[in-house]
Amino acid sequence: MAEVTKGGQQATVAPAIELRGISKAFGPVQANKDISISVQPGTIHGIIGENGAGKSTLMSILYGFYKADEGQIFIHGKETQIPDSQAAIAAGIGMVFQHFKLVENFSVLENVILGVEDGAMLKPSLAKARKSLKSLAEEYELHVDPDMLIEDLGVGVQQRVEILKALYREADILILDEPTGVLTPAEADHLFRILNGLRDQGKTIILITHKLREIMEITDTVSVMRRGEMTATVKTKDTNPEHLAELMVGRKVLLRVDKVPAKPGKKVLEVENLRMVDDHGVERLKGISLNVRAGEILGIAGVSGNGQSQLLEVLGGYAKATGEIRVNDEPIDLTGKYSDGRSRRRRGIAHVPEDRQEHGLIMDFPAWQNVVFGYHHAPEYQKNKLLMDNAKILEVAQDKMDRFDVRPPNPLLEAKSFSGGNQQKIVVAREIERNPDLLLVGQPTRGVDIGAIEFIHKQIIALRDEGKAVLLVSVELEEILSLSDRIAVMFDGHIMGERLPDQTDERELGLMMAGVTQEGDAA
Amino acid sequence: MDFLTIIQIADSALRLATPLLLACLAGLFSERAGIFDIGLEGKILASAFFSAAVAAATGSVWLGLLAGVASSIAFSGVHGLASITFQGNQLISGVALNFFASGITILIGTAWFGLGGRTPSLSGGQRFSPVELPFANAVADVPILGPIYSDLLSGHTILVYVALLMVPLSWFVLYRTRFGLRLRAVGENPAAVDTAGVSVIRLRYAAMLIAGTLCGLAGVYLATGLAAGFVKEMSAGRGYIALAALIFARWRPWHALYATLLFGLLEAIANRYQNIDLGTFVIPVQFMQALPYILTVIILAGFGGTAVAPKAGGQPYVKER
Amino acid sequence: MQKMPKWADVALIPLLNLLIAFVLSGLVILAIGENPIKALQTMITGALGSTYGWGYTLYYATNFIFTGLAVSIAFKAAMFNIGGEGQAMIGGLGVALVCLYIPFPHWSVALLFAMAGGAIFGAAWAFIPAYLQARRGSHVVITTIMFNFIAASLLNYVLVNVLRPQGEMNPQTAAFPEATHLPTLHEVLAPIGISFSKSAPVNVSLFVALAACVIVYLLMWRSRLGYEIRAFGLSQDASVYAGISPFKIIMVAMLLSGGLSGMMSINNTMGEAERLVLNSVEGAGFIGIAVALMGRNHPFGVLLAALLFGFLYQGGSELSLWTKIPRELVTVIQALVILFTGALDNMVRGPVERIFIRAAKRGAN
Amino acid sequence: DPAIIFDLGGKFDKSFNEAGYNGAEKWAKETGGNYLEIELQSEAQREQALRRFAETGANPVITLGFAMSAALSEVAPDFPETTFVTNDGWSDAPNVLNVAFAEHEGSYLAGIMAAMASKSGTVGFVGGMDIPLIRKFGCGYAQGVLATNPDAKIISNMTGTTPTAWNDPVKGGELTKAQISQGADVIYAAAGGTGLGVLQTAADEGVLSIGVDSNQNYLHPGKVLTSMVKRVDVSVYEAMVEGENLKPGVRVMDLAHEGVGLAMDEHNAELVTDEMKAAVEEAKAKIIAGEITVHDYQSDDTCPVMKF
Ligand SMILES: Nc1ncnc2c1ncn2[C@@H]1O[C@H](COP(=O)(O)OP(=O)(O)OP(=O)(O)O)[C@@H](O)[C@H]1O
Ligand SMILES: Nc1ncnc2c1ncn2[C@@H]1O[C@H](COP(=O)(O)OP(=O)(O)OP(=O)(O)O)[C@@H](O)[C@H]1O
Ligand SMILES: [Mg+2]
Ligand SMILES: [Mg+2]
């Protein structure tokens, strides 16, 4: 029986969760190998590990989503069979998945009661849920409009719904799989406040994240996973980020980006008074003007849902808009025949989209076919006027995957069988290697492990140092601050203002992102 | 076109719409749960045969009804086995079942009655007879409303009223009950249902059961309500029309009613006005026969708007690749 | 990360599936009091035992190759074209018009024009559904179903009132002129000393069909267009990001699909009947769906599936010729084959896979 | 042995093919002999079946349905030893016996009875598909009706354009209802399985119907006015009896040769008045005597009294 010291007072209690010798294989993939951990009640336990290390799998087993091939699960000291999520819920376990499990066209309320309705009729269940949702909202300041449809909510709010789901089911063990991956710093801080609150109520929390800062900030203990195995479990206060990073990747990792000062050249991208209205008739871009010079990175900060995505879509050529865009002083077609992704690429614009799975990749294509995705018309990939040169493409793919350290380096694998980080590497490799005049990057490191982050950041800097223009959109202020040479903040379809990274801080940017106009900025 | 004619055409439309409606609702439950069902045609046919056969053999239409529904449910069961348990291709399964039905009905029929798949003509208690709604005769002479009640609404077989009743019922089940909530959820995002601690498998089999029952009723009505006995291939493509109606109705119960009534009406009109003589020449009968389908396309195009199918529709729920 | 060797995946599993299907069919035959072994013999010798049998097997297969390819192309673009039936009917009309009204010096020229005629008419019949899908979002499944019925009416009208020679009882066109006669396999092989049954209808269309398989393969797996169609079919959002035009893909895929369905008519109309008859398609359009799905929407899979169905059709004819087994049994057998090779695939795959993985594991350590 | 080839409708179509089947069975029972048979399933099988049967020495090879014409002309010359029989079809080959039925004459008589039985003066015709053969039925029928009651109204409907048109009793029933609502009180069905729906609905709705091909009076005793029988059974039976030494050529199965006619039996006895009997007999005599010529739609693809 483990003994932990917490907040001074001595406690000897059965661990809230204890996993013994858990193994899980997906066909030939050994996702978890003989894993054992135990987590004390009333603590926050962090789990870190590279993409594909097996974190989500392990937690999914605990939650009964997957069945372990071997191993036992003990909840509060007594062995518990968890064949399905129902059993997990019964055992007081709640989980917020990395990829949310919400019904898009259902209301918040319906999603919350799904599976725990009381009675065959909906009305009473909904009424009851509405009440307790209110009180939960009060208690944890988790405010959501219960009648909104999920598809109309931002990811941040959607995640709140997931947490509410768990709380509504009165979970006293809460698992969060990369919860902050899609949150703004403000949202993340809010989340942590909630988690602390829950801990103080004696609830047990497992937190999977790629962000060491968060681990250090909030967890009591932390385990590291590598290649399906649990390589270490340490008390957070006895460790530090560098050490954790090393445990995780197996080598020293540079946690901060180091780059030489930019040498901005001529304007590559000029945007003037860009306006865009989406399918629902909502104006998402309300007159954006900005420019990016050769050899510089312009970072766009903002809470997700304030138009950054639309800006990228318009620049990338798959959303129509009005206004003016010039690339290398040549106007770009915004509504006509040539306002499509293909024409953009022809004009030297490369694009790492925000959502690699929805846009960046064809998940069912093998890696090698994804490596030419969007550039499949490029002359060098053609055997003749009619046929593509698959042999050549395969070669190119293999080479890229080796140089970008995509794991496993097998171009024949389908994109979907790579972990998030490695999928992202494939996209980045594809787009950067065309060496475009202008690179559009959206959320380049979302859900990506620190090893890969370091690598991707290096690539972006390298491109900028070659004198290319880079437009970086990210909700990670840290990332914005460390990569950008100039920072523009977007709010509600406007540019709130520009800052230089060394003359601002998260606080100020945070305020601007919240729409608070600063003196000297025309909103 | 005088009032009486309108009543008569509407009357015919209602009859023709009934099997479509039942099949359409069957498809609705199935597809709302994420299981595509182009096997409607086969289920109708099978049920039509077994209901007629058993009714003929036992002399009881009610036993026939049970047999018909049972056979249709059996088909649904196989479809479920293929698409739920073994995560197979739902379209293939549907196609296969359609072939199977058209073959097996005749095979068994020949062996059973020696009439080449036909069943003996049903009479008396072997078929459903019209039910007169209360006061049908009394109000018959009331202008306008009278005929509408006594000629149009009254005098159909019980199954017609069952079918009509199924519309609000389906709506209620889908949108007002726990089961309905889960059913719709499982067609949109099975993982959400699964992680909410509800069995995807069980839900989808339940949907199959309902679909089987409703589709079974469609077949029963064809063979023992509208016709008097089974004739090979008598479903005559109605399963596919029901499928079209389902998409047309965008997977919603009330719209299913409207869509199927529309199909029924178009067919009834085409039946009534088949060779319109314009003096100089007669509008070719083939044109009138194609008219319902032409109009459907036009209306559909006019409506515009993409029909968004349930998101998880067609894909088996696979957790582990 | 192969779960099992490729040969097991592409050969072993399907064979096991077929086996189950045939065993069950055997039981059905027993149930109706006939001898399954004898029935199977009749089917095999009848369909594969002679060049005559092959002649018919290949003839049917040719039809199914065309319709199967047609359905599979649409499928690759994530569209379910149920309209093969109607497109083939109208394709037949195209072939008939070409053959009847253009005086041809030689069959080869006639074939080229007929192919064009069939393809163009078939594609034309797919055009409206395609356009409505692409522009108005009208579901292609509905519209193609409707167009099947419309095609039937149109053909019925044309054959009864327009193209039918006076005094002809059958709603059919006049016989095509001699010059449009397509050489049968017999006529093709005789010169090179191979003797092939002269009464079998298989003709040069077979080679067109085989060529179509290769071309479709190259198109779908080697060309930019094919790449775009497959990408679009798998993820429309991603395709738009990549600059692929949904409108273009939907139209192209459906027109190709309709064209192939239409081209089927060079086999049954020009090659066999040598006149256009009312129900010349007789369900080949629907069989095409099964063939495409069973062939995993891959041209060579389609080829194999088409051969299988050709075998079932011809074997079936022989059954009804020489036994008292009703023709409907063949339909049942087809159904079982589709069900087990197509839909209940995993019932066999699962266990087999596990065996291989276990074997692999044992091999590993 | 003789062989018989049933058309796509199948030997149990309750009409044409079934009549042929009955003839064959009759022969089989009487002689104890047995015969080869096939129900066609696809167009390509027409030639196939002919050849295969001929090859195995079956003689005569009897075919049903006009659709066999083309195939016969192809195959017959290759088997000069074999005699082929086509009911409804036509082939100039020397070894083919063409059996031609005068459906228009039979239908004419049916028309007379319809006109006389009709109180409303409106009668109906439901055909399976709009094809020449069915027009031949309809046109003869219409002539009979109008000859008896010049200002009678004839409502004519066709069921459909797909093969299911022959197997859709439901649609048949709806068409019948539609015709009844337009005043028809006697309805003649020439639509295979669909016709069963017509007879059924007519019986349910209390109007009279007329069956076709086989004697269908018994289906709804007292409700079916009569049936226009087409003695395919006789033709097949005789062909099988003559067997090997069957003479090729042409055999006309018209009223004179009892090849077509109206079914009179206990099931429709009380429906048929003496006047009807008289009128029918008279017309029959005149037709045989050539005093009345019933226009055959096939002869010139036109119908003087009716538009299709
Ligand atoms: N449902 C599944 N079917 C097959 N393989 C899977 C499945 N889920 C995960 N895997 C594989 O198992 C391994 C572990 O995946 P898992 O998602 O647990 O990693 P992770 O640590 O969560 O990665 P990330 O940090 O990107 O979320 C990976 O190789 C992944 O490809
Ligand atoms: N965005 C654009 N602006 C101006 N001209 C353009 C643009 N895109 C294409 N064009 C012109 O259209 C021509 C043909 O377009 P495209 O580049 O697609 O040819 P392609 O790549 O050979 O097509 P495919 O690869 O399908 O054979 C181009 O060579 C170019 O001159
Ligand atoms: Mg994960
Ligand atoms: Mg190009």
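The numbers here are math on the coordinates, done by the rules we state, and not lab data. Treat the numbers as computed from the prediction; the structure is a model and nothing was measured. Counting neighbours? That spans all protein chains shown, and the Cβs are built from the backbone with ideal geometry, glycine included.
Brief remarks on what is shown
- Each of B:175, D:297 was scored by other Cβ atoms within 10 Å of its Cβ. Listed from fewest to most, they are B:175, D:297.
- Trypsin sites (Lys or Arg not before Pro) within the range A:243-275, DSSP loop, no more than 11 other Cβ atoms inside 10 Å: A:251, A:252, A:256, A:266
- FRET efficiency estimate (nearest 0.05) - Cβ-Cβ, residue C:44 to residue C:19, R0 25 angstrom: 0.95
- Proximal lysines to residue D:119, defined as alpha-carbon separation beneath 19 angstrom and excluding residues fewer than eight positions away on the same chain: D:153, D:177, D:223, D:277
- Chain C, helix-only ellipticity at 222 nm - DSSP H runs n ≥ 4, -39,500 (n - 2.57), divided by all residues, nearest 500: -22000 deg cm²/dmol
- Amide proton proximity set for residue A:70, modelled H, under 5 Å, gap of 5+: A:23
- Using only Cα coordinates, the Kirkwood hydrodynamic radius of the range A:10-69 works out to 12.5 Å.
- Helix D:16-31 and the long axis of chain D differ in direction by around 50°, with both axes built from C-alpha atoms.
- For the range D:5-157, the relative contact order is 16 percent, taking Cα pairs closer than 8 Å that sit 6 or more residues apart in sequence and dividing their mean separation by the residue count.
- Cα gyration tensor shape for the range D:160-227, rounded if a/c is under 1.5, else prolate or oblate: oblate
- Under the convention that each Lys and Arg Cβ holds +1 and each Asp and Glu Cβ holds -1, the size of the dipole of the range A:340-424 around its Cα centre is about 380 debye.
- With an a/c value of 1.5 or above and a/b not larger than b/c for the gyration tensor axes a ≥ b ≥ c computed over the alpha-carbon atoms, the range A:152-213 is described as oblate.
- The calculated pair-distance distribution of the range A:103-170 uses every alpha carbon pair, bins of 10 angstrom beginning at 0, and gives 22, 59, 18, 0 percent.
- Across chain A, the convex hull enclosing all Cα atoms gives 169 Å³ per residue.
- Against chain A, whose longest principal axis comes from its Cα atoms, helix A:155-168 is set at around 10 degrees.
- DSSP loop GluC sites (Glu not before Pro) with at most 14 other Cβ within 10 Å excluded, longest remaining stretch of chain D: D:82-257
- Gap separating the Cα centres of the range A:289-304 and the range C:181-207, nearest whole Å: 70
- Which listed pairs, of A:235/A:400; A:134/A:286; A:55/A:400; B:232/D:136; A:55/A:78, have C-alpha distances above 30 Å, in listed order: A:235/A:400; A:134/A:286
- Packing-based exposure ordering (other Cβ within 10 Å, fewest first) of A:220, A:238: A:238, A:220
- Length-normalised contact order of the range B:3-239 in % [C-alpha pairs under 8 Å, at least 6 apart]: 40
- Furthest towards positive pole of dipole, C:170, C:305, A:144, structure part the protein assembly as shown, Cβ charges: A:144
- Magnitude of the charge dipole, the protein assembly as shown, Cβ model with Lys/Arg +1 and Asp/Glu -1, debye to 20: 3260
- Nonlocal amide H pairs with residue A:382, under 5 Å, H built at 1.01 Å: A:389
- With Cα atoms, 0 to 90° folded angle of helix A:122-140 axis to chain A main axis: 80
- The fraction of Cα-Cα pairs per 10 angstrom bin, counted from 0 for chain D, comes to 7, 29, 34, 22, 8, 1 percent, rounded to whole percents.
- Charge sum, other residues only, whose C-beta stays under 11 Å from residue B:301's C-beta, Lys/Arg counted +1 and Asp/Glu -1: +2
- Volume per residue of the C-alpha convex hull in the range B:3-239, rounded to whole Å³: 127
- Shielding score for B:77-83, defined as the mean number of other chain Cβ atoms within 10 Å: 3
- Once both labels are positioned 7 Å from their Cα atoms along Cα-to-Cβ, the gap between residue B:282 and residue B:172 label points is 5.0 nm.
- Summed residue charge, Cβ within 12 Å of residue A:36's Cβ, Lys/Arg positive, Asp/Glu negative: -2
- Multiplying the residue separation of residue A:252 and residue A:280 by 0.36 nm and removing their Cα-Cα distance gives an extension gain of 5.2 nm.
- For the residues of C:284-290, the average number of beta carbons from a partner chain within 10 Å of their own beta carbon is 3.
- Cα centroid separation, the range B:173-229 to the range C:302-359 (Å): 30
- Inter-chain neighbour count for C:227-233: the average number of beta-carbon atoms from partner chains within 10 Å of each residue's beta-carbon is 4.
- Value of D in µm² per second that Stokes-Einstein yields for the protein assembly as shown, Kirkwood Rh from Cα pairs, at 4 °C (1.567 mPa s): 36
- Efficiency of FRET between residue C:247 and residue A:434 - r from beta-carbon atoms, R0 30 angstrom, step 0.05: 0.70
- When the trypsin sites (Lys or Arg not before Pro) in the range C:282-365 are filtered for DSSP coil states and for at most 11 other beta-carbon atoms within 10 Å of their beta-carbon, the remaining sites are C:324.
- Residue B:138-residue C:174 pseudo-label distance in nm [points 7 Å out on the Cα-to-Cβ vector]: 7.1
- The orientation-averaged projected area of the convex hull spanned by the Cα atoms of chain C comes to 22.3 nm².
- Distance between the modelled labels on residue D:285 and residue C:360, one decimal in nanometres: 9.3 nm (7 Å Cα→Cβ projection).
- Residue order, fewest to most beta carbons within 10 Å, for D:305, A:475: D:305, A:475
- Mean Cα-pair separation over length for chain A, i.e. relative contact order, pairs under 8 Å, 6 or more apart, %: 15
- For GluC sites (Glu not before Pro), the sites in the range A:169-235 that DSSP calls loop and that have at most 16 other Cβ atoms within 10 Å are A:170.
- Under 18 Å from the residue C:102 label point (7 Å along Cα→beta-carbon), backbone N, the range C:158-184: C:176-183
- By the Cβ distance rule (another cysteine Cβ under 4.7 Å), the unpaired cysteines of the protein assembly as shown are B:24, B:215, C:99, C:213.
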